[in-house]
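Taking it in order: structure first as structure tokens, then the write-up.
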Amino acid sequence: GATNVRRVLGHGPGNLVLILDGLKGAVASGWPLAWAGFRSGNGAAPDEIVAIAGVVAAIIGHSFSCFTQFRGGKSVATGAGGFLVVFPVGMLIAIGVWLLTLALARYVSLASMLGAVSLPISAIVLHRSLVLVSVTAVITLFVLLRHRANISRLIAGTESKIGRKSAPASPSTV
């Protein structure tokens, strides 16, 4: 993902990958809305369902790409781009949670996980369709599963913070 590219190649290429991953999700979810127009209501409109399916497909394709031996990224940027199109208010809330967490804790992984957790909560509070609530909840669980190693490092106190070099590896992991 963008974090790995940034770590290896620097901020410029890392930011480009971040933008492209977000665009991947936005295009995958946006084309059905552009094609047929978005119809709102209490239930999920057929266009919304197809747009949500586009986000899910982009996330699965990103996380399990055949081009990377089915080992892809954590899908946060791809999902964010898709949900910015499908559920813009919820995604803006998630971005706010991400920014606040990053500013206070300085952990990108924690910010990403808490931003993901805020998405289904926002969908419930804002009375969105059961389909959107359900899919955002499942994707949040997926994002948390993809961050298992980060969670372990956060608990161990070895997760890298923004603006500081990586924590030294413990002797047992060398």
Per residue, what volume in Å³ does the Cα convex hull of the range 90-139 take up? 53
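After finding the eigenvalues of the alpha carbon gyration tensor for the range 73-166, what semi-axes result from the square roots of 5 times each, listed largest first in whole Å?
Here the semi-axes work out to 25, 14, 10 Å.
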By the mean-Cβ-within-10 Å protection proxy, highest first, 48-54, 126-132 rank as 48-54, 126-132
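Please go through the range 63-123 and write out the chymotrypsin sites (Phe, Trp or Tyr not before Pro) that DSSP classes as loop and that have at most 10 other C-beta atoms within 10 Å.
70
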By average C-beta atoms within 10 angstrom, highest first, the peptides 13-22, 133-142: 133-142, 13-22
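Read the figures in this text as sums done on the coordinates, not as results from a lab. Just so you know, these numbers come straight off a predicted model, no measurement behind them. Cβ coordinates were reconstructed from backbone atoms using ideal geometry, including for glycine residues, and neighbour counts include every protein chain displayed.
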